[in-house]
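Colleague: Structure in structure tokens, see below.
The values are calculated or read from the model by the stated rules, or taken from the named source; none is laboratory data. Because the structure is predicted, anything quoted here is derived from the model rather than measured. Note: ideal-geometry Cβ built from the backbone for every residue, glycine included; neighbour counts use all protein chains shown.
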Amino acid sequence: MRIAVIAVVLLAAALAFGQGMRDSSSVVSVKAPVSVHAGVGETVSLTVTIDIDKGWHLYAHGDTAYYGIAVAGLDTLPLAAVKVAYPKGHRGRFLGQSITLLDGKETLTISGILMAQLDEPLKFELECQACDDKSCLAPAWIPFQTAVLPKE
């Protein structure tokens, strides 16, 4: 049953995307700090806000039934021991299944040890799929970035 539900949701998203319809970035925005200060060997910590339009939801990171959020781009960073503290969300129902939902404003935190001073901002993407109570939009990879400035 679970595989059939996932297949239906992904097929609907693929059809919507193929027809030029909007993707999840039309109802989800991401805001990261413009810059943070850190020296080499110090911990960089970014709190990122995810704003989900009313009537829409995302699935929590690690949700086993649906397309949970994830931060992409972590493997290309000049940071060591990178950790992401994803929002926990709350239990809800979608298509008759109990799942972990994110809605409204949510935050996540990315942290890691700076291995070299940077000339360019840290670049990330929030991978997500937004759904309402009836359907899902195509997945989106929403870019965001933060400059790491030398410690003052």
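Colleague: Tally up the residues in region 100-152 that are closer than 21 Å to Gly89 by Cβ and not aliphatic (A, V, I, L, M), please.
Modeller: 22
Colleague: Hey, another quick one. I need the full set of residues from region 22-48 which are at pLDDT 95 or above, of a type in the set (Val, Ile, Thr) and outside any strand (DSSP E or B), in order please.
Modeller: Across region 22-48, the qualifying residues are Val27, Val34.
Colleague: Same structure again: Report, by residue number, each residue of region 79-103 that is in a loop (DSSP other than H, G, I, E, B), surrounded by 12 or more Cβ atoms within 10 Å (Cβ to Cβ) and modelled with pLDDT of 90 or more.
Modeller: Tyr86, Pro87, Gly89, Asp103
Colleague: Just wondering, is there one or more residues in region 142-152 that are aliphatic (A, V, I, L, M), at pLDDT below 95, surrounded by 13 or more Cβ atoms within 10 Å (Cβ to Cβ) and in a loop (DSSP other than H, G, I, E, B)?
Modeller: No: region 142-152 contains no residue that is aliphatic (A, V, I, L, M), at pLDDT below 95, surrounded by 13 or more Cβ atoms within 10 Å (Cβ to Cβ) and in a loop (DSSP other than H, G, I, E, B).
Colleague: Moving to a separate point now. Got at least one residue in region 130-141 being in contact with a strand residue (DSSP E or B) (Cβ under 9 Å, 6 or more places away or on another chain) and farther than 18 Å from Val27 by Cβ?
Modeller: The answer is no, given that none of the residues of region 130-141 is in contact with a strand residue (DSSP E or B) (Cβ under 9 Å, 6 or more places away or on another chain) and farther than 18 Å from Val27 by Cβ.
Colleague: Hey, any hits in region 114-137 for a residue that's part of a strand (DSSP E or B), among the aliphatic types (A, V, I, L, M) and within 23 Å of Arg22 (Cβ to Cβ)?
Modeller: From region 114-137, those part of a strand (DSSP E or B) are 114, 122-128, 131, 136; that's our starting set.
Right, trim to among the aliphatic types (A, V, I, L, M) and you get 114, 122, 126.
Restricting the remaining residues to those that are within 23 Å of Arg22 (Cβ to Cβ) gives 126.
Yes, the conditions are met somewhere in region 114-137.
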